[in-house]
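Peer 1: Here you go, one structure.
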Amino acid sequence: MVCSWAAALTCALRAMGVRTDYAEVMGVSGACFRLAFSSPDWDYSSADGLVAYDYATPGYAVFGYAPEMHGRTEKAERAEHRARILREIRSGTPVLGINLRAAPEWGVIC
């Protein structure tokens, strides 16, 4: 599993009882990536061609889930946000995170 994001998602989905494999996750990801460039909102002059299209929502929907997008969590909301994440972990729902750092490399938590 060369792609760490797809590997983490594959493992998380399996842990939650979803019957899938790395090839399917990569295929869904590839289809969503392709849809991003078919979007009428695609900006061919953008340095990052994926910024105009939400490809996570249809991708996760294939597996029966809806992603949550969070920007910077304000200090006043951090305790509530942390408690919610802990509830999900304790209930057996893995938490996936991507783009966890303000740097070019990705971070993946599974």
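Coordinate-derived values only; no laboratory data. On a predicted model such as this, the values are computed, not experimentally measured, just so you know. Backbone-built Cβ (ideal geometry, glycine too); neighbour counts: all protein chains shown.
Peer 1: Between Ala15 and Val95, with labels modelled 7 Å along Cα→Cβ, what's the label distance in nm to one decimal, could you check?
Peer 2: 1.2 nm
Peer 1: So, one more: Label 7 Å along Cα→Cβ of Thr57; the range 1-41 residues with amide nitrogen under 20 Å?
Peer 2: The answer is 28-41.
Peer 1: Note the full-extension length gain between Ala83 and Leu35 as 0.36 nm times their separation in residues minus their Cα-Cα distance, in nm to one decimal. Could the numbers behind the result be given before it?
Peer 2: Numbers: separation 48, 0.36 × 48 = 17.28 nm, distance 3.51 nm.
Gain on stretching Ala83 to Leu35: 13.8 nm.
Peer 1: Once R0 is set to 25 Å, what does the formula 1/(1 + (r/R0)^6) return for the Cβ-Cβ distance between Asp43 and Val2, expressed as a FRET efficiency to the nearest 0.05?
Peer 2: Approximately 0.30, to the nearest 0.05.
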